[in-house]
Every structure is written in C-alpha cells, then in structure tokens.
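S.K.: The following block contains the structure, expressed as structure tokens.
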Amino acid sequence: MPASADPDILNRRGERRQVTAIFVDVVGFSDFASTADAEDLQDWLDGFYGSTGRIVDAGGGEITEFLGDGIVAVFGLTRAEELAARKAVEAALAIARLPCFTFPDGRSVALRAGVATGEVATRMRSAKGTDGPLPRMTGMVTTLAQRLQSAAAPGEVLIAAETHELLRGALPARARPDTVLKGFGPMTVYCVDAGQQTAGGMPGEDLREQPFIGRTQERDRIRDATDRPCLLVGPAGIGKSALAGTFLTGDQPCAVFQADALEGGAGHVPFRRWLRSLFGGAQPDFGQLRATFSQLDDDAVLGLALMLNLPQGNALLARFASGALRDRIEGALSQAVRARNPCGILLFEDLHWLDSASFGVLRRLLRDIQGGPWRVLMTSRETSLIDRHLSDLSLETIRLDAFDADESRAYLDAVRPDGLSPATRDDVIRHAGGVPLFLEQLIRHAAQHNPAAGELPATLSDLLTERIDNAGPARFALLQASVLGRGFSQRLLQALAAPADDIPQLLAMAHRADILRPAGPDRWVFSHALLQRAAYRMLLRGTRIALHARVAELLQGTCADLTEAGPAMLANHQSRAQLHLPAARSYLAASQQALLRGAFSEAQDHAQSALRMCAGVAVGQPARADLEIAAYTALGSTLMQSQGYAAAPVRRAFDQVMRLASDQVAPGHENGAALFGSYAHAIIAGDRAGADHLGQLLHRTADAAEAQLRPDRVEIRLAAEAASNCGRFYSGEFSEQFDHIARIRALYDLERHAPMIAQYGMDIFAAAQMFEVPARVFCGETDSLTALLAETDAHQQALNIPVMQPYALIWGSVPLHAAGRVDEALARLQRGMAIAAEQGAEFWGLIGQCWLHVIQPTSSDSVSGREAFDGAIRSLRAIGALIGLPYFQTHYAAALARAGELTQAFDLSAAAVEEGRQSRLWCWQAETMRLHAAIALRLGRIEVAHRHLQDAVALADRQGARLWQLRAALDLADLPQDDGSAMAVARSYFATDSHLPEIRGARIALAG
C-alpha cells in the first residue's frame, strides 16, 4: 500500500522534531550507593526522581530515562514549543540548585547538568519491537547533553552553542571555547547562570497586510526615486513587503509578480501566475487570451500562449530559433504587462527566488518602461542574483534594519492596542528582536494562550510547528500538503490523502487558523512559506520519500492534466522520492522544454539535475549510460547556445558522450538523438576522428535495433545514414555519399518521420538533400541542379519549418555558385541571411557572410570588406565551427593578394592547405590547393603552384569531383611545363554542350 494511501502512516511512523534535552548527573552517587542499604537507596531515588520530575513537568518537558545516578529529560518531544530551549535550561538550573538535598548519611549532594538542542526522529508511545519498547526518539542530542554534563563542575549547567543561541540573551552565560567533548571534539560551550533577561533578534519572513510603522527615511527615498526602480533588501521578515505595500494604494493600478522558491526550476513563474490571475487564477483558453490582449500583435499573443502551455503557442517553436524565441517571449510579456498596466505600481517580490528566464523578462520590461508613468518596486533578501542579472541598470537599493524598542512598541499598539499586560508586551519585544513578522506571530500566540503560564514561543520555527500541531484534525492533511509545496492543488492533495474525503473541510479549518489561504479555483497556499517548511520538516525521511513517490504516480496518472503538472514538477518529486532513473528522464524533458523557450539557464540546470540523478544509479546499469549520454548531449546542446561551439564546457560534455557511448557493447536505440547531436558537434568542429567514431556507434545502434525488430529501427537507421551522408560529403567521398543518400530516400517518409525534427533538431531528409545538391554539382552533374533545388524547396514548403529556411537558402546558394549561376546564388544567399538575422540564428549569419565573400569577391575589395570577411572567419573559429574555415581562409587570402599583400596572402593560404590536409575533411581541399597555387604564381613560385595543382587534380580525380578537377587542370594547363593531358582528361567527363564557364575555357585551351 502506498504511504499516502494509509491514513494513519504519519501517526504510526513518527516524525522529526527539534528538541532540547537535559542530562542530569548526581556527583559521587557511586560512592554513596556502594555502601547504602538497598531500601534506603530506593527511597532516596524516589525522592530525587519526584523532585526533578516536578521541575521538568512544570516546564512542559518529560523525563524519558531514569538512570541510577541521574535523569534524561526532553522538551518539545510530543508538542512543539517555542520556549523549549529556555524552559529546559531553567529546569536544569532549578534541578542543579535543589535546596537541602543530601544523601541519607548526611553528605551534601552535588548535581550537574548538560543541555543540548538538536533534531531527532520520534516514535509513537505504542511502537514496540520484539525485545520490548523501542526508544521514544533517536538522535545525538542526548549524547551531546551527557558529554556536556561530564565537562561541568558540580553545581554547573553547561549548554551547547545551539541552545545558547535559542535563549536569545534571556539568561546570561559565559563562553568556554575549545572545550573538548568525547566524540565531538573541541567546541565552544556556555555556562549558564540565572540573571537579567535581555532582548535579541532573529530572522523572519515577509509581512503582508499588517499595520505599518516607521520607515520614514526609507519611504522618502522611494518617493524621491521617480526615475529608477527601487530594490528593498533585508532578511526574511524584516518588513520589505509591508513597506512596498504602503505604495499600493487604491487610487492607482498595480500588478504584483511573486517569485516562488519551490518552483525555481521552472521558467517565467511570476509572469505565468500573473497572466492566470487576470482570469481569476484559472487557465484561459486562446480565445480569452486574444480578447484580453486584443491590442497586442499575433506573435505577442502566441508568446503569451506559449507561456501558459496553450497548444497555439507551439507555432512559435517552429518559426524561431532559440535566441529569437526568447526575445519574442520577453517582448510579449513586456507588452502584456504594459498593456494591462499603462501606469501605476509594478511590484516584484522575492527576487532571490526569481528564475533566470524571468530575470530576462524583468530586464526587458525595466528598459521598456524607462521614463514612463510607472513606479517599480522590488524586494529581495540578498543582492547576488540582482548583481548578476541587473548590474547594468540603475537601481535605488534600500536596506531595511530591525525596529528599535520604540518602533516595536508602536507596532504592538497597532496590532493589539489592549488586552496585554506590560510584562507580556516587554516579553514579546524582547524575543522578537525588532523583526516585524516575529512581533506579529508572537503577539498572536500570546492572545491565544495564558501569558502567565510562560508559553510564549522563543523561536519562529518552533512557533510555526506549534501552530501546525494545534491544527487539530487538519494537522495530517497539512503535513501531506507540505510535500506538494507552498502552493498546491486541492485535487492533488485529495488524491494524495485518499481516502480522506473530508479534505475540503480540513482545508477550510486550516484557513480559519490562518495556516492556509485560497489562491484561486482548486488552489491553496500556505499563508507563510515557513509554515510549509516547518510542516515538511516534521516528516520522517522515509515518509517524505513515500509521499513524493505517490505524488509522482499521481502526476503521471489521474492528475496528469493539472495546469502545474509538467516534467519539471514531476522530476522534482521523483528526485525527492529517490526514483533516480525516472527523475533523470523527467529532468531531460524539462530541459528540452526550457531550451525551446529560450530559457538556457533553466535548460542547463535541468540537464545537470538529470546527471545528478544518473549518479544515483548503480554503475553498469545500461539505463544509466543511456540517460547519461542523453543528459550530456542536452547539456552540450544548451551550452552551445550560450557559450559557443568551442567553449570548454561544451567540449567536455560531448567528450563525455563519446566516452560513454564507446563503453557500450550494445548502445540503446534511444541514444540516436544524443549520438547524432554529438556527431554534428564533431563535424562542425572539424573533428573527423571523433565524427567517424560517433558515426560507427550510430550504425551499431541501428544494427542492434534492427536485430531486435524494434519498431523505431527506421528512425535510428535514418540518423545513422544521415551522419554517414554528412561525413562522406565533408570528407569529399562523394560516391559513397550518394549511396547513403539513396538509402535515405528509400527509408524516409515525410508523415512518419517529421516528428523526429523535435528530437534531432532537423529533418533528416532535408539535411540529406542539402548535402546532395552541391555534391552532384561538384561531381559535374550540373544538369540536375535545377530539379534538385526545386525538390529541396518543395520539401521545405511541405515541412513548413521556418527555422530551417536559413539553412536551406544559404546552403542552396553554394551549388548555384559552383555551377556559374552567380546572380541566382547571390539572391538566394541574401534571402537566407535576411531570415537568419530575423530569427537570431547567429551561426547561419556568420556562414552566410563568408559565402557572400566567396560568391561575390568584390565584397572583399575594400578594406572594410576584408575586415568583415576576416571577422566572420575569426568568429567561426572562436565558436569552434572549423569545418569550412580552410576554404574560407583561402578566399580571404585571395582577396589580400588582389590588394597586393602577396606575402601575407601566401602564408595564410599555405596554412589553410595544411589545416585542411590534417583535418582529412577534403570536400573543398582541391579548390583550396588550387587557390593557393594561384597566389603562389603571383609571387613567381611556379614550382609550388605546379605541385599543388597536380595534387589538386589527383585528389579531385580520386573523389570524382569533376568540377574541381577541371578547374585545377585548366590552371595547370597555363603553366609552361604542363602537356595538357590532365585538362583533356578532365574535359572528357563533361558533355560538349555543357554551359559551365570552365567548359568554355577548356574548349579555348584545347583549340589553342
């Protein structure tokens, strides 16, 4: 039975609690007991136990062990209490100073005590084992208390540092640093004496809708900062929200954007919540969204739809690359906020929990509204994230300090002007330490209890736990709700707490106790974040694991349709349930979602979380290796978007992919996309050895899948053939490439295989087409060019994926140029570059710029033109896109030669030839050598030119690259030592009526 299906599991299994333990020892007891009569010893112990028991009971503790020479007492074991630590120390002092306490023989009795605070695991009183009752609690706190009493002198009470901190100065204590305790090492302990009580301070949480006191200077600074956003910074509970709330008056519009620590893994959380708040907290449909934002253009509305996971928003995924998509989303949200709030206050709460994608929106919004009729207020506990994301913006940063005693008294007057004694008020002020939230919580507790009984809480965490303990029948529902997060779905809680049919009544009860508040249809939220944390902290680890596992089941079953359900939320519960493999898969899905939204930081975080989950799986399990490959691929793909192809983290990620895939005897078919992504990285980076290795792994994976007759065998085979097609093209092995193209054509079906685009990042057949067209032209099949380009364009139209258009147009200009159709090539190239710029596809923009200088050499005839060409080449090299650089660099060298810089041109082109030779990616190597030979000729280095042209002819002949062969042979025929035979052979491969410019040149040469 799942843990959550057992209504009594929380009660039966026990809980985690913070307790304070006392260990009291009777000094010299052994000497007395060794000579005492047994009956006298029993009577004396009864008196000792009775006296100490009454003291402990009076303080609200309980004695858990009666020792022969002392007692162990615990405070806060069955019921949380804020003053547990203080009451424990006062009880220890009272016991140590018991008056007129002597042994029966008249000797004085000396007592000593140790007091320690810590977390324990508790059991219910009825829990029994085979050998009798089990301990009520388990933890090191009693051991530490025992070690402390051992270090105490007779009559002393020594307390641990944690206990001393909880006293908050209520009892004076002298520090004893470097006290050595057996098993704990040296530490600072404190010797306590009864004395004057003093006040202290502690952290808190945000105040909402509470009386506002003081902060005059801070409010003036906000009023004066009319030209810049204001950031309110301070510890939790210091009153940041209350201060901001004084500006949220009813006479001007406002919008609140609340970040949430429990949903930090998701992107754009505050903005999605704000959008839904416009519809009463419910999920709108697309029609409602369009009607609400009728003043926005279509793309902006689609961006909002994408944020709300409406299917219509997916249209943007196909139209824009990641960077452009992110810009569209940020712009859409900025427009939406300004449209709904043409003026007034924009409040961004808890920026320390804000996700990176939301910081991007905030940056965009702050720039868009600069100088407009808006006042922006922001709150945060710390500034590290603000410094990282908003450091270039001008902010008015205002730090809040604790109240002084007069402000605290004024606050209490406003909260509860009567009904409290001066002593109670002073006690509240002393324990609150000037933190507004503590004042409010403590005064609420005092109003519900008898202040004279000394029950005022001393720490906020225990106070909140006490409120949960006092929730009555709603208590266990609150504990289970805490597993869902601060905000949760009532429907999900009901499914988790089944068969608790009274959940609605229990939630209403918790609402009346101000522990929960409604947050929209089917939505509840803990009224304070620390309330949720305190409830969650009470659960034993095993109980948490069981509950998270049940939530994960529900999110994949009966509750899968909930608005908040998604891979990120599912992964969170699976990871907390220690379901490592499922969590890794869910984190990968969340990473892919974030990447499509352009939320690169979230995508990276999710991929790294997937890797952490993989680390929890036993080494050697095939599933672990498969998921690690996918996770490293996702991480590498994300880092390429943000850091470039050549960044060290990108290389390390794909190196891990290669290492893991190499170790697999029989790679899993699900590795197809991962291996293909790694292959693409290796090819683009000019790493033929790595690419060849990954290509072999892809074919092995396809072989294994087909041997098992897997239904997806064609998909993985397509990926393997596509990799081979790409590799053979760049290697200049065109004949083998055409064999792979033929196999791809036989396997591919548009309707069946179009879904691969989302997984592989491209359409396999489209990629094959784009490599086939230039290869056919290089091999002299120019007559097929028009038909092949028409087929390519028709397929692109059928796919209707705009993000592939720059690829198709820019790459399609290459064979047009090679075939001498320069005007068509230039027009196609310029259309591709324009679309790449619109989509933010920077890589294709750089590639297009390089091809522009190749197709239109006059672009490099000016100094600025050459600088632009050189800059594009350097940028490609910087991001690790090395695949075509030798060819581009030789064209740049040719431009330098035309400008008269022959020596530099020769050195550059020679280096390019060598770089191409070493890479063994020889698609353009014959052309690279031919261009280098031309520069050598201009320098008068005829032998160098002759040798390179001969090598170019020979290489092109082996490749079947008849166009490259003809060009090199024509140049070779111009040299005096050539006999023309190479040109005659090259010419024979072409029809006599060919319209290639090179054929016309060959006719002239042969006639001469």
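Here, each number is a calculation from the coordinates, and none is a lab measurement. Everything quoted here is computed from the prediction, not taken from an experiment. Neighbour counts are summed over all protein chains in view; Cβ atoms, including those assigned to glycine, are modelled from backbone coordinates with ideal geometry.
S.K.: Ranking Lys240, Lys87 by Cβ neighbours within 10 Å, fewest first, what do you get?
M.R.: In order of increasing Cβ crowding within 10 Å: Lys87, Lys240.
S.K.: Putting +1 on Lys and Arg Cβ atoms and -1 on Asp and Glu Cβ atoms, find which of Phe869, Ala603, Ser322 reaches farthest to the positive end of the dipole of the chain.
M.R.: Working it through, the farthest residue towards the positive pole turns out to be Phe869.
S.K.: Using alpha carbons only, how many degrees (0 to 90, rounded to 10) separate the axis of helix 962-973 from the longest principal axis of the chain?
M.R.: Approximately 50 degrees, to the nearest ten.
S.K.: Normalised by the residues of segment 801-883, what does the relative contact order come to in percent, with Cα pairs under 8 Å and at least six apart?
M.R.: 24 percent
S.K.: Another one. Run lengths n ≥ 4 of DSSP H only: what is the helix-derived mean residue ellipticity at 222 nm for the chain, with -39500 (n - 2.57) per run over all residues, to the nearest 500?
M.R.: Rounded to the nearest 500, it is -18000 deg cm²/dmol.
S.K.: OK, next. If you place +1 on the Cβ of every Lys and Arg and -1 on the Cβ of every Asp and Glu, how big does the dipole about the Cα centre of the chain come out, in debye to the nearest 20?
M.R.: In total the dipole reaches around 600 debye.
S.K.: Shifting gears a bit: Among rounded, prolate and oblate, which fits segment 314-358 when a ≥ b ≥ c are the square roots of the eigenvalues of its C-alpha gyration tensor, a/c under 1.5 means rounded, and a/b larger than b/c means prolate?
M.R.: Oblate, since a/c reaches 1.5 and b/c is not below a/b.
S.K.: With point charges of +1 on the Cβ of Lys and Arg and -1 on the Cβ of Asp and Glu, referenced to the Cα centre of the chain, which listed residue (Gly76, Val269, Ala754) lies farthest in the positive direction of the dipole?
M.R.: Result: Ala754, furthest along the dipole toward the positive end.
S.K.: Near Gln805, within a Cβ-to-Cβ distance under 14 Å, what is the net charge of the other residues, with Lys and Arg +1 and Asp and Glu -1?
M.R.: Surrounding charge for Gln805 is 0.
S.K.: Pull out a ≥ b ≥ c, the square roots of the eigenvalues of the alpha-carbon gyration tensor of segment 673-747, then state rounded if a/c is under 1.5, prolate if not and a/b is larger than b/c, and oblate in the remaining case.
M.R.: Oblate.
S.K.: Right, next: What does the highest-first list of 14-22, 287-295 look like by mean Cβ count within 10 Å?
M.R.: Top of the packing list down: 14-22, 287-295.
S.K.: State, to one decimal in nm², a quarter of the convex hull surface area for the C-alpha atoms of the chain, i.e. the direction-averaged projected area.
M.R.: 52.1 nm²
S.K.: Could you tell me how many degrees, from 0 to 90 and to the nearest 10, lie between the Cα long axis of helix 622-643 and the main elongation axis, the longest principal axis, of the Cα atoms of the chain?
M.R.: Here the helix axis deviates by roughly 70 degrees.
S.K.: Picking from Ala991, Pro976, Gly960, whose Cα lies most toward the positive end of the charge dipole for segment 885-1008 (charges on Cβ: Lys, Arg +1; Asp, Glu -1)?
M.R.: Positive-end residue among those listed: Ala991.
S.K.: Using θ = phi - 60° and the Karplus relation 6.51 cos²θ - 1.76 cosθ + 1.60, list the HN-Hα couplings for segment 946-955 in order, rounded to whole Hz, with x at every Gly or Pro.
M.R.: For segment 946-955, the Karplus curve yields 4, 5, 5, 5, 4, 5, 5, 4, 5, 5 Hz.
S.K.: Now for a separate question. List every residue whose amide H lies under 5 Å from the amide H of Ile238, counting only residues 5 or more places away in sequence or on a different chain, with H placed 1.01 Å from N in the peptide plane.
M.R.: Gly204
S.K.: Placing unit charges on C-beta atoms (Lys and Arg positive, Asp and Glu negative, everything else neutral), compute the dipole magnitude of segment 801-883 about its Cα centre in debye, rounded to 20.
M.R.: Around 140 debye, computed over segment 801-883.
S.K.: Hey, what angle do you get for helix 567-576 against the long axis of the chain, alpha-carbon based, 0 to 90 degrees rounded to 10?
M.R.: Relative to the chain, helix 567-576 is tipped by roughly 50 degrees.
S.K.: Okay, next question. For segment 683-710 and segment 908-959, what is the centre-to-centre distance using only Cα atoms, to the nearest Å?
M.R.: Distance between centres, Cα-based: 31 Å.
S.K.: Figure the gain on full extension for Arg107 and Asp251 (residue separation times 0.36 nm, minus the Cα-Cα span) and round it to one decimal in nm.
M.R.: Residue separation times 0.36 nm, minus the Cα-Cα distance, leaves 43.9 nm.
S.K.: Right, something else. Counting only DSSP beta bridges with both residues in the chain, what percent are antiparallel, rounded to the nearest 5?
M.R.: Roughly 70 percent of the DSSP beta bridges within the chain come out antiparallel.
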